[in-house]
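The values are calculated or read from the model by the stated rules, or taken from the named source; none is laboratory data. Because the structure is a prediction, the values reported are computed rather than measured. Here the Cβ positions follow ideal geometry from the backbone for every residue, glycine too, while neighbour counts run over all protein chains shown. These accessible areas exclude ligands, DNA and RNA; they are computed on the full protein's heavy atoms, side chains included. Shrake-Rupley method; radii C 1.70, N 1.55, O 1.52, S 1.80 Å.
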Amino acid sequence: MNKDAFKKYGYQFIDWVADYLDGVEDFPVTSHVAPGEIRRQIPIHPPDREEPLDRVFKDFCEIVLPGMAHWQHPSWFAYFPASNSPPSILAELLTAGLGAQCMVWQTSPAAQELEESVIDWLRQMLGLPEGMSGVIQDTASTATLCALVCARESATGFRSNEQGVTDRLVVYASKEAHSGVEKGVKITGYGRENLRYIPVDASFAMIPEALAQAIAADRQNGLIPACVVATVGTTASAALDPLVPIGRICRENDIWLHVDAAYAGTAAILPEKQWIFNGVEQADSLVFNPHKWMLTNFDCSAYFVRDESALIRAFEIQPEYLKTPVDTSVKNYRDWGIQLGRRFRALKLWFVIRSYGVEGLQRIIREHIRLAKLFESWVAAHAHFEVVAPVDLGLVCFRLNNGQSEDALNDLNKKLLKKINGQTDIFLTHAVLGSTYVLRMAIGSRLTKERHVAKAWQTILRVAFG
Ligand SMILES: *Cc1c(COP(=O)(O)O)cnc(C)c1O
């Protein structure tokens, strides 16, 4: 592709993206293609000859688009949001244009130093302790994996790094913790048998006394408690594990405390929500995802640590070909996580934070929370619906309850969700809390306004009662 063609298509695609976001509401929020339907339309063999981009773009529109779920749709209430924003998209374009591989300071000093700066901006925005430093990872799952490795090395005096895991190390998380914890213990040498699921209270938050008991029992049996993962904003219901007592237990027992705030962390940029991190000064590490609720394109996950030297020691490698003359005076993020090669993710964060300003971001998050409370009030006021978990952030867990048995209610709500997603232009997902099947209404798309939330409620009522 020559420069003129690049410009022509570049302008055209920017126009397309702008119009897409402007009119995304007119798309069906999810794709209704059948499994295999897209694959069948893609040639089995790659093309031998060059193809004009017009034809590729036409296939993008005709084959790819119908098979996409539209995450930026204002009626996207499923999972958690993955909002992008115009400044973030433009920064991604610049990042792609630079095509830099930012593994060490020398391979792009600005990428490393900007990352250090925006990570500290985020630390301040979230009210995290001074002295915590951080790094941008791809996802929270990766960050939690890193935390499990740090905890393992911290518990074994970095012996596992050298000899493999020979001790029986134990990890604790609430029943509501993200499945990334389970995946992490599978692949970091702890083993699933050594993951303890701690019971939760009526608000689905970890019960600290049960944690303390589990730790004591393991100690008595000669096992080594190594890591507690506390979740601030669980995936199912945005429940908030109490960090103050959990942190105290971790300090008393010398256990690594990792805080998973993948979704909820963004809310802490609001002064009135910073209490969700009460006790965070006891944490050894913390992750939150700007790629969920903070208008930054997937992927972008912020991983903070209290003692960066423990992280670096656990991950550092020194092959000759990666040595540079400045290694002792700069941060080389290759040693702060799993991957060597690193994308320049700091740029989009920088663009987002500067374009909106902290106040602009606060306004958007605050409005989402207001809409969630509003939706909660409608559900609570209805005779045959109920709110099933506390609503502190942008997520409402609710269900239809007409007084049938629990089993029948689960079945009823399952069918309701299927109808909503199959027959209407809104998209919700579900969770099971305890043994209760609930619908999740996650409000956090940048484009979601009150009218979309109101329409969603009307739609749910129409589907439920005909
Ligand atoms: C979304 C979520 C994750 C996983 O996030 P990824 O970045 O997709 O790995 C982890 N923990 C919690 C609490 C989440 O809500």
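Under a model in which nothing but the beta-carbon of Lys, Arg (+1) and Asp, Glu (-1) is charged, the chain shows a dipole of about 680 debye around its Cα centre. Computed over protein heavy atoms with a 1.4 Å probe, the accessible surface of the chain works out to 46 Å² per residue. So if we plug the beta-carbon distance of Asp407 and Lys175 into 1/(1 + (r/R0)^6) with R0 = 25 Å, what FRET efficiency do we get, rounded to 0.05? After rounding to 0.05, the efficiency reads 0.75.
Peptide packing for 39-49, 223-233, 176-186 was compared via the average number of neighbouring C-beta atoms within 10 Å per residue; ordered from the highest value, the list is 223-233, 176-186, 39-49.
Nonpolar atom fraction for the range 100-343, defined as the carbon and sulfur part of the 1.4 Å probe accessible area, stands at 49 percent. Centroid-to-centroid, using Cα positions, the range 27-58 and the range 263-295 are 39 Å apart. Centroid-to-centroid, using Cα positions, the range 81-114 and the range 310-351 are 15 Å apart.
Rounded to the nearest 5, the antiparallel percentage of DSSP beta bridges internal to the chain is 55%. Can you tell me the relative contact order of the chain? Whole percent, Cα pairs under 8 Å, sequence separation 6 or more. Relative CO of the chain lands at 21 percent.
When only C-alpha pairs under 8 Å and at least 6 residues apart count, what is the relative contact order of the range 166-293, in percent? 23 percent. DSSP assigns beta bridges within the range 100-343; of those with both partners inside it, close to 40 percent run antiparallel. Per residue, the convex hull spanned by the Cα atoms of the chain measures out at 178 cubic angstrom. The string of couplings for the range 179-188 from the Karplus curve (6.51, -1.76, 1.60, θ = phi - 60°) is 4, x, 5, 5, 4, x, 5, 5, 10, 10 Hz, one whole number per residue in order, with x for Gly and Pro. A simple rule links phi to the HN-Hα coupling: the Karplus curve 6.51 cos²θ - 1.76 cosθ + 1.60 with θ = phi - 60°, which for the range 383-400 gives 4, 10, 10, 9, 8, 9, 9, x, 10, 9, 10, x, 10, 10, 9, 8, 7, 7 Hz, with x for Gly and Pro. The listed residues Tyr9, Tyr356, Tyr172 rank as Tyr356, Tyr9, Tyr172 when sorted by accessible area, largest first, using a 1.4 Å probe. According to the square roots a ≥ b ≥ c of the eigenvalues of the Cα gyration tensor, what is the shape class of the range 100-343, taking rounded for a/c under 1.5, prolate for a/b larger than b/c otherwise, and oblate for the remainder? It is oblate, given that a/c is not under 1.5 and a/b is not larger than b/c.
Only Lys, Arg, Asp and Glu carry charge here, each on its Cβ (+1 for the first two, -1 for the last two); on that basis the range 100-343 has a dipole of about 420 debye about its Cα centre. Per-residue Karplus couplings for the range 97-114, computed as 6.51 cos²θ - 1.76 cosθ + 1.60 with θ equal to phi - 60°, are listed in order as x, 5, x, 7, 10, 9, 7, 9, 3, 4, 7, 3, x, 5, 4, 5, 6, 5 Hz, Gly and Pro entered as x. Helical content of the chain, expressed as a calculated mean residue ellipticity at 222 nm, amounts to -13500 deg cm²/dmol (DSSP H runs of 4 or more residues, -39,500 (n - 2.57) each, divided by residue number, nearest 500).
Spatial offset of the range 394-464 relative to the range 170-206 amounts to 27 Å, using the alpha carbon center of each. Database remark: amide H of Leu433 closer than 5 angstrom to the amide H of Val438 (H placed geometrically; neighbours at sequence offset of 5 or more, or on other chains; Pro and chain starts carry no H).
All other residues whose Cβ lies under 11 angstrom from that of Gly233 are scored, Lys and Arg at +1 and Asp and Glu at -1, for a net of -2. Distance between the modelled labels on Leu93 and Val326, one decimal in nanometres: 3.0 nm (7 Å Cα→Cβ projection). Net charge of the neighbourhood of Leu409, taken over other residues with C-beta under 14 Å away and scored Lys/Arg +1, Asp/Glu -1, is -1.
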